[in-house]
Amino acid sequence: MKTRNDIQGFSLIELTIAIVVFAVIVVVAIPNISEWVGKARVRASAEAVQNSIRFAQSEAVKRNKLIEFSLINSTTPPAANLGGFNNDLAIDNGTAWVVRMIDDPSDSTKGRTFLQGDVFSTNGIQLLGGSNATLVFGGIGQVYTAFPSGGSPILSSTRAYRIASFGGKYPLCVLVAPGGGVRWCDPSLASGDRSCPGSATNSCL
């Protein structure tokens with residue numbers, strides 16, 4: 001039978017060594033975890049933009065209406081915005097994105113009906129569209145670069161939306177082809193299904 005004197009604990013030296021080893025592991029692991037979280041957030045946002053553009057396409061065909069995907073400036077998510085981004089102006093390099101139905105195809109100044117959208121700045125993500133504030137999808141699959149009135153041009157070259165963490169880290173791109181194809185790609189990859197075509201790589205980095 002063991003007595004109290006037979007029970008030994010950790011010595012001060014052993015405890016100190018354990019603490020030092022634990023501290024080293026934390027110092028090594030935290031940057032990797034931070035990078036993984038940052039990349040995961042950017043990827044989730046890229047997939048959200050990709051899926052929302054596809055949603056705009058499908059709604060345009062389903063409703064036979066003009067549906068727009070726009071960048072706007074807003075700090076309030078749609079759920080908390082009773083206006084639902086209905087009439088927020090499209091703006092280059094907006095802090096949020098929105099999918100809306102154009103209520104009156106004959107007049108671009110009329111209202112919009114909100115369908116879906118989100119704010120990126122709340123997640124530490126930036127959506128940089130360059131001069132790509134708006135895409136408009138028609139009922140038979142057309143992709144316009146602006147409200148299609150008069151001779152508004154149909155998209156003729158691939159459009160890139162750049163998504164990155166603050167500071168420009170971990171950039172990804174969502175590409176929209178003239179034929180309507182939509183996919184996200186990683187400009188840091190030289191090859192593979194997720195690599196960006198050469199024409200888009202420079203604008204995405």
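The values are calculated or read from the model by the stated rules, or taken from the named source; none is laboratory data. Please read these numbers as outputs of a predicted model, since none were measured by experiment. Quick reminder, even Gly has a Cβ in these numbers, built from the backbone with ideal geometry, and neighbours come from all protein chains shown. Calculation scope for accessible area: heavy atoms of the full protein, side chains included, ligands and nucleic acids excluded. Shrake-Rupley method; radii C 1.70, N 1.55, O 1.52, S 1.80 Å.
Just a few scattered comments:
- Annotation: amide H of GLY117 within the under-5 Å range of VAL99, sequence separation 5 or more or interchain, hydrogens built in the peptide plane.
- Exposure check, 1.4 Å probe, all protein chains in place: SER45 carries approximately 10 Å² of accessible surface.
- Note on exposure: THR76, THR158 ranked by accessible area (1.4 Å probe, complete protein assembly) read THR158, THR76, with the most exposed listed first.
- Local electrostatic count, ARG41, Cβ distance below 12 Å [Lys/Arg +1, Asp/Glu -1]: +1
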